[in-house]
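Participant: Okay, handing you the structure first.
The values are calculated or read from the model by the stated rules, or taken from the named source; none is laboratory data. Source: prediction; values computed, not measured. Note that we place each Cβ from the backbone using ideal geometry, even for glycine, and neighbour counts take in every protein chain shown. The area values use the complete protein model at the heavy-atom level, side chains included, leaving out ligands, DNA and RNA. Shrake-Rupley method; radii C 1.70, N 1.55, O 1.52, S 1.80 Å.
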Amino acid sequence: MLRTQKFEGSIAIIGDEPELPYERPPLSKEYFAGEKEFERIQLRPARYWDEREVTMLL
């Protein structure tokens with residue numbers, strides 16, 4: 001949202017997990033049931049964050 005509003009400063013997302021942000025409910029339901037690949041429950045692919053110059057501190 002910050003980038004769509006033309007924010008040019010630095011942005012970082014800090015997480016305690018080694019993976020990019022993902023949807024929690026599908027993880028417990030669809031992922032563990034083998035119905036979805038992990039990449040399909042990620043909020044955005046890695047290139048999305050790179051293109052918007054968002055630093056991921058995982």
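Participant: Please specify each residue of region 14-37 satisfying the condition of being of a type in the set (A, V, I, L, M, F, W, C) and surrounded by 13 or more Cβ atoms within 10 Å (Cβ to Cβ).
Facilitator: Leu20, Leu27
Participant: Next question, about the same structure. Can you pull out the residues in region 38-47 that are open to solvent by 60 Å² or more (accessible area, probe 1.4 Å) and part of a helix (DSSP H, G or I)?
Facilitator: Scanning region 38-47 gives Glu39, Arg40, Arg47.
Participant: Mind checking which pairs have a first residue in region 28-57 that is farther than 16 Å from Met1 by Cα and among the aromatic types (Phe, Trp, Tyr) and a second that is at pLDDT below 95 and assigned to a loop (DSSP other than H, G, I, E, B), Cβ under 6 Å, 6 or more apart or different chains?
Facilitator: Note: pairs meeting the criteria are Tyr31/Ile41.
Participant: Would you please name the residue that is farthest from Arg44 (Cα to Cα), looking only at residues in region 1-32 that are out of contact with any strand residue (DSSP E or B) (no Cβ under 9 Å at 6 or more places or on another chain) and of a type in the set (Asp, Glu)?
Facilitator: Glu8
Participant: Looking only at region 3-13, decide whether some residue is open to solvent by 70 Å² or more (accessible area, probe 1.4 Å) and either touching a residue at least 24 places away in the same chain (Cβ under 8 Å) or in a strand (DSSP E or B) (or both). Outline the logic, then answer.
Facilitator: Applying the first criterion (open to solvent by 70 Å² or more (accessible area, probe 1.4 Å)) to region 3-13 yields 4-8, 10.
Then drop every residue that is not either touching a residue at least 24 places away in the same chain (Cβ under 8 Å) or in a strand (DSSP E or B) (or both), which leaves 10.
Yes, the conditions are met somewhere in region 3-13.
Participant: Of everything in region 14-37 that's aromatic (Phe, Trp, Tyr) and outside any loop (DSSP other than H, G, I, E, B), which residue is farthest from Arg52 (Cα to Cα)?
Facilitator: Tyr31
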